[in-house]
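The structure appears below as structure tokens.
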């Protein structure tokens with residue numbers, strides 16, 4: 001019906017063992033749901049917790065029955081057709097995880113919360129995924145219109161109007177995801193500002209640029225596995241070939257000059273591995289952004305570098321792409337450039353739709369770098385002004401403090417002199433009064449002692465005169 005996805009390491013999931021593991025994981029999640037319902041009820045949300053509890057409990061019971069059934073010999077498989085984990089989806093998933101972890105890891109270097117960046121990345125992935133798909137459908141609208149209304153043109157047995165929703169066949173346009181991501185950012189910044197929790201816009205852009213670089217690097221490997229975004233036929237000896245079940249084969253076989261050869265060989269001619277070129281280029285940009293962060297790059301410089309770097313990379317890679325379905329702004333063939341990149345001389349060199357967008361990205365990156373440099377200059381000027389003002393204030397304060405200290409010292413010295421003089425006078429007066437009191441007391445004591453002695457002497461003499469003369473008796 002459709003060309004099969006070229007798989008490098010696709011994994012087929014099928015059988016009782018796979019379904020047993022699947023139901024076990026589902027039961028585990030439902031147990032967590034039951035615990036969550038109990039916590040809601042205890043927290044006062046009885047209605048919400050009760051409804052959730054009934055739903056997850058029913059699914060838990062069903063899961064347990066399914067697990068038990070997988071051990072039975074007559075177990076009927078739920079998935080009759082094998083489930084294939086395609087390399088395309090796997091690479092995108094790995095890229096999303098790596099990008100989200102990158103943004104959360106870098107957040108602390110820009111004074112941002114890891115949880116906030118993780119939540120932002122989640123929304124950008126969801127909306128960006130839809131935007132990338134929508135852009136692809138818009139660009140390749142004829143395929144989806146014909147699949148629905150003219151199935152015979154697409155070699156379909158019956159109409160397929162839901163092909164737009166068939167994400168499994170691939171079909172994501174990177175630029176569409178970027179545009180959708182900017183929409184998410186606009187809503188995010190608006191809500192943060194309204195809630196009184198604004199974030200530094202350029203710092204957020206820097207982290208998202210690094211996250212986007214590593215995500216896209218893995219995504220392009222997925223494109224290689226899916227067989228999409230193939231390159232132009234190369235005139236050199238380095239390239240890759242696609243088999244008869246690939247998208248590239250279905251496209252190139254329309255060329256009458258290649259039809260017979262491809263039908264004979266069952267594969268495409270050697271073509272440029274543009275997916276690998278772009279993946280390696282994004283990886284180099286990712287490493288550069290990490291180094292810039294480590295060296296303390298000013299806000300906006302990382303994002304500006306990525307816009308310019310990726311725009312340049314994409315512009316060059318587009319020269320080697322067979323991207324006629326997206327159209328051209330104008331067609332310009334430059335044989336010398338085509339020869340340099342080992343592509344046919346008559347290949348259109350400039351200017352495809354993607355090349356035009358790449359030029360716009362380079363312009364945006366240049367504006368970001370200029371704005372970042374201008375902001376940094378203003379910050380440095382402000383720091384110098386603040387430094388001079390602080391120095392002047394410090395000098396003025398030092399002079400004021402010196403004068404105040406000198407005045408205070410003089411005042412304190414005068415006060416100390418007056419206090420010492422007063423204390424000396426007071427001590428002199430006190431000592432004088434004490435000496436005078438002691439002299440008076442001593443004089444009184446001496447007087448009393450002299451008077452007592454004189455009285456005692458007189459009394460003795462009087463007693464001697466009145467006493468009888470006992471010596472004259474016979």
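Just need a number here: residues in region 168-200 that are in a helix (DSSP H, G or I), touching a residue at least 60 places away in the same chain (Cβ under 8 Å) and within 28 Å of residue 273 (Cβ to Cβ).
Number satisfying all stated conditions: 3.
In region 276-290, is there at least one residue being in a loop (DSSP other than H, G, I, E, B) and either touching a strand residue (DSSP E or B) at 6+ places or on another chain (Cβ under 8 Å) or in the same structural domain as residue 225 (by TED's automatic domain parsing) (or both)?
No, that holds for no residue.
Please determine whether any residue of region 180-192 is farther than 20 Å from residue 116 by Cα and surrounded by 15 or more Cβ atoms within 10 Å (Cβ to Cβ).
Looking for residues that are farther than 20 Å from residue 116 by Cα and surrounded by 15 or more Cβ atoms within 10 Å (Cβ to Cβ), one finds none in region 180-192, hence no.
From (1) touching a residue at least 12 places away in the same chain (Cβ under 8 Å); (2) surrounded by fewer than 17 Cβ atoms within 10 Å (Cβ to Cβ), pick out the condition that doesn't hold for residue 152.
Looking at each condition in turn, residue 152 falls short on (1).
Could you please let me know if residue 297 is in contact (Cβ under 8 Å) with a residue 60 or more places away in the chain and part of a helix (DSSP H, G or I)?
Here the answer is no, as residue 297 does not meet what is asked.
Do we find a residue being surrounded by fewer than 24 Cβ atoms within 10 Å (Cβ to Cβ), under 22 Å from residue 177 (Cβ atoms) and in contact (Cβ under 8 Å) with a residue 12 or more places away in the chain anywhere in region 249-265?
Within region 249-265, not a single residue is surrounded by fewer than 24 Cβ atoms within 10 Å (Cβ to Cβ), under 22 Å from residue 177 (Cβ atoms) and in contact (Cβ under 8 Å) with a residue 12 or more places away in the chain.
What about residue 140, is it assigned by TED's automatic domain parsing to the domain that holds residue 293 and exposed (fewer than 12 other Cβ atoms within 10 Å of the Cβ)?
no
If you check 227, 222, which single one turns out to be in the same structural domain as residue 155 (by TED's automatic domain parsing), over 25 Å from residue 344 (Cβ atoms) and at pLDDT below 90?
Checking each option against the conditions leaves just 222.
If residue 93 meets every condition in (1) without any contact (Cβ under 8 Å) to a residue 40 or more places away in the chain; (2) surrounded by 13 or more Cβ atoms within 10 Å (Cβ to Cβ); (3) in a loop (DSSP other than H, G, I, E, B) apart from one, which number is that one?
Going through the list (1) without any contact (Cβ under 8 Å) to a residue 40 or more places away in the chain; (2) surrounded by 13 or more Cβ atoms within 10 Å (Cβ to Cβ); (3) in a loop (DSSP other than H, G, I, E, B), residue 93 breaks only (3).
Surrounded by fewer than 23 Cβ atoms within 10 Å (Cβ to Cβ) and outside any helix (DSSP H, G or I) - does that describe any residue in region 201-214?
Scanning region 201-214, I find no residue that is surrounded by fewer than 23 Cβ atoms within 10 Å (Cβ to Cβ) and outside any helix (DSSP H, G or I), so the answer is no.
Is there a residue being assigned to a loop (DSSP other than H, G, I, E, B), on the phi > 0 side of the Ramachandran plot, in contact (Cβ under 8 Å) with a residue 60 or more places away in the chain and out of contact with any strand residue (DSSP E or B) (no Cβ under 8 Å at 6 or more places or on another chain) anywhere in region 344-364?
No, region 344-364 has no match at all.
The values are calculated or read from the model by the stated rules, or taken from the named source; none is laboratory data. Since this is a predicted model, take the numbers as computed values, not measurements. Every residue, glycine among them, receives a Cβ derived from its backbone with ideal geometry; neighbour counts consider all protein chains shown.
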